[in-house]
């Protein structure tokens, strides 16, 4: 729909990215351009997300824009390449931060650039969650025990029941949190009396420039008291709280290898025995949304075992146990752990997580979480490789640059599919529909650029997964992630992928899936639930019948309308090429939905100096780096350029 966007307005929309959102970040000592989240002073305004810069890079890689904005496209691509120098494609960059919002140890709140900590230290409770993660989840650091023998008597005490002191101590660029227990037991040969035998202190160190949470546990025996078979422990509790995202992937390191562990057993069972340099727990869900916790014992030889308990068939409580054979009166026994919480976690990335725990400076400002939108980044790089291969740029990309992007693409597309399941067997629960759709776009683009069979093999695999995610007509007919509701953006991304694939694969199963997907997009009025009341909105929407009711999602967020417009235009291109035959009613539906998207967006554009800004929603007061490229791409028909530069279409076998 190039006619929907005149050149002056297009340039003013791009100017918003260039003048309001463009920033310079440091990656491994190099200054690299990236797009910040938004220009208004929100707490997360300066965060730079991979997905946002990737969408803008794909847009600016279009030949008719590259002549003017090629330098910016190259810079944003440098950011993408720098965020994925290894096997992990990290999600964002944020500056160092540690803000103590509440120093009350009973209601502590601390924010860092990546995490939110809350807790009640008087009860020995500290929680940690990722700020801005795809699936926010609190990790509960509580449930600790201490075990020892005094004389002939063996004791096991609950740490939280014996807390006598606790506090929050501000530190330069950080904070130290602690709770201290006084350990008392009944002792005496003839007459049992309560006796203090030791003090036990848990310390958590939070630092602005270190993504790790450092935990130290110290036991000091009272003078004249000798404790034997002392076991200091650290615990994770409430792990079973998220029924749809159980911690189903567990690993420990042994002799440099990472070994999978059983995620469930009897009610109380031993997960691991002996030393290890890394213990990792990863949720069973899409890698880009999977929370992962990685624990590195800093004195692994003292680790005796890791115990676990299940609840309702899911992992619930984990206890690491460190053994000290003897602690004399007045002496201390101490253990330390480094913990790394990742929102977006790949099991194949365990060596990288261990390296970060050993030396966090290697992140260089990157968040340790995996990008949930790897497909968008893959497509941005593939688009440039394609146009370079077809000599579409007035200033050709250097051969070295093309080779660098090709190596990067091959590495991350391999990791993307490896993350969907072991041994090439994808688990539906590990698929994120929108990212998969853009990964398929990227593979189609790479096939058009190279005709290499390995890309066709991955495309076949991914396309099979995509088609399986379409729901039956009686439940709405939309595309949706397994076990989740249908979202308009994810559905539109699936439509876009199918429409782009049809010229090379005009297969009946894909044509039928695309027809059903078009029929699944309805036009009507939704009452969008908000924190205070609801908002009445006329919009395209999709719906899914689940758990006895209809769940609906429409174009409240502007980027969803932009993505749907792009998908509809790609469908129109496929029909014009004769790769799918649309009935008159279907053609009218495409036109009506396109007009509805355009009408919905028309009132969300405002002038910002010489720039034009697309507001994130009809109620928002700002645009952002996720919205602007998505809407621009919906108006610019970028997929027409891919088809125009491609060789004549032939169906692949």
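No value in this document is a laboratory result; all are computed from the given coordinates. Bear in mind the structure is a predicted one, so any value in this text is a computation, not a measurement. Quick reminder, even Gly has a Cβ in these numbers, built from the backbone with ideal geometry, and neighbours come from all protein chains shown.
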Note to self: Per-residue counts of other Cβ atoms within 10 Å, averaged by peptide: what ranking do you get for 218-224, 395-401, 89-95, highest first?
What the structure shows: 89-95, 218-224, 395-401
Next item on the list: Mind giving me the FRET efficiency for residue 104 and residue 164? R0 is 25 Å, r the Cβ-Cβ distance, nearest 0.05 is fine.
Entry: 0.90
Notebook entry, point to check: Suppose R0 equals 51 Å; then what is the FRET efficiency for residue 418 and residue 193 from their Cβ-Cβ distance, rounded to the nearest 0.05?
Noted result: 0.25
Notebook entry, point to check: What list do you get for 258, 279 if you sort them by fewest beta carbons within 10 Å?
Noted result: 258, 279
Notebook entry, point to check: Label residue 583 and residue 394 with points 7 Å out from Cα along Cα→Cβ: what is the distance between them in nm?
Noted result: 4.8
Margin query: Relative contact order of the chain, please, whole-number percent, based on alpha carbon pairs below 8 angstrom and at least 6 residues apart.
Written below: 13
Next item on the list: Using per-residue counts of other Cβ atoms within 10 Å, averaged over each peptide, order 612-625, 160-173, 482-495 from highest down.
Entry: 482-495, 612-625, 160-173
Notebook entry, point to check: According to a simple spin-label model (label point 7 Å from Cα along Cα-to-Cβ), what is the distance in nm between residue 255 and residue 348?
Noted result: 2.5
Next item on the list: Calculate for the chain the 222 nm mean residue ellipticity that helices alone would give, adding -39,500 (n - 2.57) per DSSP H run of length 4 or more and normalising by residue count, nearest 500 deg cm²/dmol.
Entry: -10000 deg cm²/dmol
Checklist line | Debye intensity ratio in log₁₀ form over the Cα atoms of the range 569-619, taken at each q of 0.19 Å⁻¹ | finding: -0.71
Notebook entry, point to check: Which semi-axis lengths, in whole Å and largest first, follow from the square roots of five times the eigenvalues of the Cα gyration tensor of the chain?
Noted result: 51, 25, 24
Notebook entry, point to check: Taking 0.36 nm per residue of separation and subtracting the Cα-Cα distance, what length does fully extending residue 598 through residue 284 add?
Noted result: 109.2 nm
Next item on the list: Mind giving me the FRET efficiency for residue 26 and residue 531? R0 is 45 Å, r the Cβ-Cβ distance, nearest 0.05 is fine.
Entry: 0.80
Check: Quick one: 633, 26, 446, fewest Cβ neighbours within 10 Å first, how do they rank?
Finding: 26, 633, 446
Checklist line | Percent RCO, i.e. relative contact order, over the range 1-99, from Cα pairs under 8 Å lying at least 6 residues apart | finding: 23
Item checked: Point-to-point label distance, residue 364-residue 545, nm (Cα→Cβ direction, 7 Å offset) -> 5.4
Next item on the list: Give the Rg/Rh ratio for the range 501-573, taking Rg as the radius of gyration of the Cα atoms and Rh as the Kirkwood radius, to two decimals.
Entry: 1.06
Note to self: Give me P(r) over the range 98-363, computed from all C-alpha to C-alpha distances, binned every 5 Å, as integer percentages.
What the structure shows: 1, 6, 13, 17, 18, 17, 13, 8, 4, 2, 1, 0, 0
